[in-house]
Amino acid sequence: MLHKMKLNESPFERIKNGTKTIEFRLYDEKRQQIKIGDQIEFSKLPDLQEKLLVDVIELYREDTFDNLFRKLYTDEKEINKKTKLMYQYYSPEKEKEYGVVGIKISLISNGFRYTYNKLVRDKIPENIDSEPGRKSKYRILNDKEYLTELNKKVLEEANEFIEENSIEELGDLMEVINAIMKLKGYKMEEVYKIMKAKEEKKGAFENKIYLEYVDEEKRNLEEEKELNKGFRK
């Protein structure tokens, strides 16, 4: 099982360089799920972009941090220092409520993990995995998730086209629109028919007309609703 935790820069870097091998936490509901053999993904604060993956190789359970450190260390000054440090993060009340745990870890990789969480073209994982030192992790979306991510992709590709106005970016945008059409079962003939009907009723965009404003004698709530849509601002 994979668990995710956030870490400040100093302990993150010490895990990365091998000088920190035990992570100390409250034994709260989240930490109670951790078992020997599980993995933890640490994300470095504040931007959470750099990540480390570790194996859980041992768990040390005690009722207080002082008792936990006495189990692991012999130097009294070090024990007191570490105990005082933990109280900067956790209150004695929380310590009493949950108890504490030392999670002994083994670094799986000291490389970098870049998290995308986005829909990509079909051959992207294959291309990534073919490059030395790179390994992708992906899953297959269900149709509901797929449509949600396609909708996001439309905005992404539209913004990239706006930035460059290149035929390549236009092709990317059309690729996403084509995928939506396939998922929804839309036929190009039907789309053209709808386009033609709207063109006959309202016209197209050939004459470069830029509407500045409309004066009306009475308040038009439908017009206000339309103008207040987020993407128009």
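Just so it is clear, none of the values below were taken in a lab; they were calculated from the coordinates. Because the structure is a prediction, the values reported are computed rather than measured. Reconstructed Cβ throughout: ideal geometry from the backbone, glycine too, with neighbour counts over all protein chains shown.
For the stretch 2-109, the residue among 107, 89, 17 whose Cα projects farthest onto the positive side of the dipole built from Cβ charges is 17.
Across the options 3, 36, 57, the greatest Cα extent toward the positive end of the charge dipole of the stretch 1-66 (unit charges at beta carbon of Lys, Arg, Asp, Glu) belongs to 3. Taking the charge dipole of the stretch 129-233 about its Cα centre, with +1 at Lys and Arg Cβ atoms and -1 at Asp and Glu Cβ atoms, the residue from 167, 177, 211 reaching farthest to the positive side is 177. Here the Kirkwood formula puts the hydrodynamic radius of the stretch 143-204 at 12.9 Å, using every distinct Cα pair.
Given R0 = 35 Å, the distance between the Cβ atoms of residue 218 and residue 144 translates into a calculated FRET efficiency of 0.25. Peptides 22-29, 44-51 ordered by packing proxy, namely the average of other Cβ atoms within 10 Å per residue, highest first: 22-29, 44-51.
Per-residue ellipticity at 222 nm, computed for the chain from helices alone with -39500 (n - 2.57) per DSSP H run of at least four residues, works out to -13500 deg cm²/dmol. Ordered from longest to shortest, the equivalent ellipsoid semi-axes for the stretch 2-109 are 22, 15, 14 Å, each the square root of 5 times a Cα gyration tensor eigenvalue. Electrostatic bookkeeping for residue 98 treats Lys and Arg as +1 and Asp and Glu as -1; over the other residues with beta carbon under 12 Å from its beta carbon, the sum is -1.
Find, to one decimal place in angstroms, the Kirkwood hydrodynamic radius of the stretch 97-233, where the mean of 1/r is taken over every pair of different Cα atoms and then inverted. Each step should come with its number before you reach the end.
On the way: mean 1/r = 0.0488 Å⁻¹.
Computed over Cα pairs of the stretch 97-233, the Kirkwood hydrodynamic radius comes out at 20.5 Å.
On alpha carbon coordinates alone, what is the Rg over Rh value for the chain, Rh being the Kirkwood radius? Before the final figure, lay out the partial values.
Numbers: Rg = 27.8 Å, Rh = 23.6 Å.
Using Cα coordinates only, the ratio equals 1.18.
Relative contact order of the chain, taken over Cα pairs closer than 8 Å and 6 or more residues apart, is 17 percent.
Nearest 5 percent is fine: what portion of the DSSP beta bridges confined to the chain is antiparallel? Show your work: numbers first, answer last.
Details: 19 of 25 bridges.
Just about 75 percent of them are antiparallel.
Charged neighbours of residue 56, selected by a Cβ distance under 9 Å, balance to -1 (K, R count +1; D, E count -1).
Mind ranking 148-156, 186-194 by how tightly packed they are, going by the mean number of other C-beta atoms within 10 angstrom, highest first?
Numbers: 148-156: 15.0, 186-194: 10.6.
Put in order of decreasing packing, that is 148-156, 186-194.
In the P(r) worked out for the stretch 85-153, what percent of Cα pairs fall beyond 18 Å? Summing the P(r) of the stretch 85-153 above 18 Å gives 64 percent of all pairs.
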